[in-house]
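Reading through the structure tokens given below for one structure.
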Amino acid sequence: MKKLFTRLFTVTVLVTFLSSLTARAEDNLLFDPGFEDPWVTNNFGTFPSQDAWDSNGTSKETIIFHSGATACKITGSAMAKLEQYTGLLTLTAGDHYELSFYYYVVTSLGTNSDIRMNNYWGGGNVDATHEESILKEQFSATTTGVWETKTLALTVPANASSFYLALKVPLGATVIFDDFDLHKVVSNEPTLTVTPASVPAFATTINVQTTKQVSVTTANLPYDVNVEITGANAGYFDVSASLIPAGQTSISLDVHYLPTQTGNHEAMLTFDCPDAPELFTSRRLNGTATDPTAQPVITILPVSHDFGTLTVGQDSIMAFTVTTENLSTLPSRAMIDDGTPNGAFILISGEPVKNGTSTLRIRFKPVEAGTFTKQLRISADGISATANLTGIGVGTIAPPETEGDSLPLDNSNALAEMEENFNSVTHNTALSLPQWKNIAEQNYRAWWGFRFDEEPNFAAKVTAYNSVNTAPDAYEMWLYTPPLDFINATSKEFSFKVMGDFMSDADEARLKVYYVENDEPLYKEELQGLDIPQGSDYNGTWVPYIMDLAGQNIADTFFIAFHFIAPHGGTQSATVYYIDDVTWGKKVSAVTATQYDTDRIWTQQGTLHIRSEESGKVILYDISGIILGEYSFAAGENTIPTRLQSGVYIVQIQHGDYRKNCKITVMPV
């Protein structure tokens, strides 16, 4: 087992020794690539240089090696690994690197997976799918018992600042590694690079010059490159050099814009090498010139439009042309209401532009009978233009039929054990299940069934978003479980998982969970401390919950209810919640992964219990992320010596490199 602080230690010491990196032979970016540096032996095993490698399951090999006097043998297991972090690199997106190493398979699984790579580029906002099939390939030797080599051709992704080499050897395989190499591939091909990728737009007044910079870097150029500005408005632009010499160059060019007439002007900055046409590149130039003595102008055509008489629910669309001239600021637009019924006129596309022409499309869709008027207003620089909108709505829309079930609840046939995975529901249709109660408390919408196409998997779904009835009315829905038998349940655990999607920080839609007794009226008590996901940071993530109700004041027959409320629905709320895997009266899995689908974790009277088929480690956090304890566990059932108070905790289970987080709730006794 590797020391826990190795990763942090490796990152820290790199500050000290990476400064000598460029002086290493053959520009190999890896340290101790042949495992010739002193090895370390401690209570956990024998490891190659810990200044370079982070490893498990390793032993020093002095008989079979590719070069030097030492190689690294890895005996496969769930935790066997060989890793090295190369940080503080100066990387350029698009540059090419090559990773290679020698391997000698002693014992093979015969499944083309004796060596499992998990390499990746580090840095902020690096595309995790970049060359994923190369970086995370699994393979075996062509022939066991001989040295073979593996070479990876890599391209640096955008935003990368480090490289992480990571190999694993699974249980049943034994592999010897030697002579790792990671280096930059320097090409002799001619290159011409122009930055930025797009030149920012110019803006000035007539007869006043403004300037932008363009950087040009070349390498291995066999010929000169001509620099030229072309296009109908080329006369308003100029560049500081007309030629880039052959060879290698890094220069900054000044691009000037000196307009003599108002308006929008376009041209093209080209870099052309007639003897090497494949190097041709260009940048578009855009400039806007205004006259400080000219008056700003805003026009809207048509200046008014009558959408006529429409039946409620029907719609009609009209396009308005907005033209602006001589503006110094970006124009704004507004839909001004004169107090008549609201919600009938909607701007569906288009925005006004500065010193140009744009099209705005407005839909009239009456939601009730009446005469409707609005005014489209475009404003900038202290002036504005308007277009008057009118329309009449007649008739009514029949109110939709209320979905779902009706109260009261029924205590009969209480369940001592229940497991609901919603696999029998119908997609995007009001949910209907035996003994469940699906109630539309406010408005007509109830909980729906939902099918995830990519899995496939089913769940219960709730949302106030409504593309048919778009009015921002309030929605409230309840979903009650079947009656639950507390007395005869062998386990007192209630569990479920929740996922939120399309949530925003401004959306007030919320999901809550209640304990319910079937009294008159219903007794409902919100379960505190569950921390149901809300806000954009938590979209698309399933969060499991396990509640141990043992020792609490629970009625012989009770219900759990999922309560959704949105103050404003229609098109004002996009939040969606899903619930799945609702269970009562049985031990449940808080870890769901193919390799470890037998892991179980639960609490009883504040004590943590883990059952697993493989040994590992569990880390316990409070809800703010502070570590409360780290515990090792063996294969089988384990009792962790915790005395947890009521509240919400985060548990991380580890098996080697496998990690899984889950949330547990300890209920007050």
Just the accessible area for LYS60, please: 1.4 Å probe, Å², rounded to the nearest 10? 100
Can you give the helix-only mean residue ellipticity at 222 nm for the chain, where every DSSP H stretch with n ≥ 4 adds -39500 (n - 2.57) and the sum goes over all residues, rounded to the nearest 500 deg cm²/dmol? -500 deg cm²/dmol
Using packing as a proxy for protection, rank 194-200, 135-141 so that the peptide with the highest average count of other Cβ atoms within 10 Å comes first. 135-141, 194-200
Rounded FRET efficiency, nearest 0.05, which uses the C-beta distance separating THR262 from ILE392 and R0 of 35 Å: 0.25
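Beyond a 23 Å Cα-Cα separation, which of these cross-linked pairs lie in this structure: LYS212/LYS354; LYS365/LYS461; LYS73/LYS184; LYS168/LYS497; LYS437/LYS512; LYS150/LYS184?
Numbers: LYS212/LYS354 21 Å; LYS365/LYS461 29 Å; LYS73/LYS184 27 Å; LYS168/LYS497 32 Å; LYS437/LYS512 16 Å; LYS150/LYS184 16 Å.
From LYS212/LYS354; LYS365/LYS461; LYS73/LYS184; LYS168/LYS497; LYS437/LYS512; LYS150/LYS184, over 23 Å: LYS365/LYS461; LYS73/LYS184; LYS168/LYS497.
Leaving out ligands and nucleic acids, note down the accessible area per residue over the stretch 107-173 with a 1.4 angstrom probe, in whole Å².
On the way: 3160 Å² over 67 residues.
So the stretch 107-173 comes to 47 Å² accessible per residue, rounded to a whole number.
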Whole angstrom only: what separates the Cα centroid of the stretch 26-65 from the Cα centroid of the stretch 317-396? 71
Report D for the stretch 296-427 in µm² per second (integer): Stokes-Einstein, Kirkwood Rh on Cα pairs, 10 °C, 1.306 mPa s. 87
Lys/Arg +1, Asp/Glu -1 at C-beta; the chain dipole; positive extreme among ILE348, TYR631, MET477: TYR631
What is the local net charge at GLY235, summed over the other residues whose Cβ is closer than 15 Å to its Cβ (Lys, Arg +1; Asp, Glu -1)? -3
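Grab the beta carbon distance between ASP556 and THR470, set R0 = 41 Å, and tell me the FRET efficiency rounded to 0.05. Working shown, then result.
Working: r = 46 Å, r/R0 = 1.12.
It comes to 0.35.
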Per-residue HN-Hα couplings for the stretch 553-570 [Karplus 6.51, -1.76, 1.60; θ = phi - 60°; Hz; x = Gly/Pro]: 7, 10, 5, 4, 10, 8, 10, 10, 10, 9, 10, 10, 9, 9, x, 9, x, x
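For the peptides 503-516, 396-409, what is the packing order when you average, over each peptide's residues, the other Cβ atoms within 10 Å and list the highest mean first? Write out the running numbers ahead of the final one.
Details: 503-516: 17.2, 396-409: 13.0.
Sorting 503-516, 396-409 by mean packing, highest first, produces 503-516, 396-409.
What is the magnitude of the charge dipole of the stretch 253-322 about its Cα centre, with +1 placed on the Cβ of each Lys and Arg, -1 on the Cβ of each Asp and Glu, and no other charges, expressed in debye to the nearest 20? Present the calculation step by step, with values, prior to reporting the outcome.
On the way: 2 positive and 8 negative charges, 42 e Å.
That gives a dipole near 200 debye.
What FRET efficiency comes out for HIS568 versus SER379 if R0 is 25 angstrom and r is the Cβ-Cβ distance? Round to the nearest 0.05.
0.35
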Please compute P(r) over all alpha-carbon pairs of the chain, binned at 10 Å starting from zero, and give each bin as a whole-number percent. 3, 11, 14, 15, 16, 18, 15, 7, 1, 0
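Label the stretch 182-243 by shape, choosing from rounded, prolate and oblate, from the square roots a ≥ b ≥ c of the eigenvalues of the Cα gyration tensor; if a/c is under 1.5 it is rounded, and otherwise prolate applies when a/b is larger than b/c, oblate when it is not. Mind dumping the intermediate values first?
Details: a/c = 3.75, a/b = 2.11, b/c = 1.78.
Taking the square roots of the gyration eigenvalues as a ≥ b ≥ c, the stretch 182-243 is prolate.
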Which residues does the label zone of ALA319 cover in the stretch 270-310, counting backbone N under 15 Å from a point 7 Å along Cα→Cβ? 301-302
Roughly what would the spin-label model give for THR205 and ARG643, points 7 Å off Cα along C-beta, in nm? 7.8
Share of accessible surface on carbon and sulfur in the stretch 233-362, whole %, 1.4 Å probe and ligands ignored, is 49
Local electrostatic count, THR155, Cβ distance below 13 Å [Lys/Arg +1, Asp/Glu -1]: -4
Using +1 on the beta carbon of Lys and Arg, -1 on that of Asp and Glu, and nothing else charged, what's the dipole of the stretch 326-410 about the Cα centre, debye to 20? 760
Here, THR142 and THR309, labelled 7 Å along Cα→Cβ, have an inter-label distance in nm of 8.5
Ignoring any ligand, DNA or RNA, what whole percent of the accessible area of the stretch 67-158 comes from carbon and sulfur when the probe is 1.4 angstrom? 48
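The values are calculated or read from the model by the stated rules, or taken from the named source; none is laboratory data. Treat the numbers as computed from the prediction; the structure is a model and nothing was measured. Here Cβ is always computed from backbone atoms with ideal geometry, including for glycine, and neighbour counts include all displayed protein chains. To get the accessible areas, we keep the full protein, side chains included, count just its heavy atoms, and leave off ligands, DNA and RNA. Shrake-Rupley method; radii C 1.70, N 1.55, O 1.52, S 1.80 Å.
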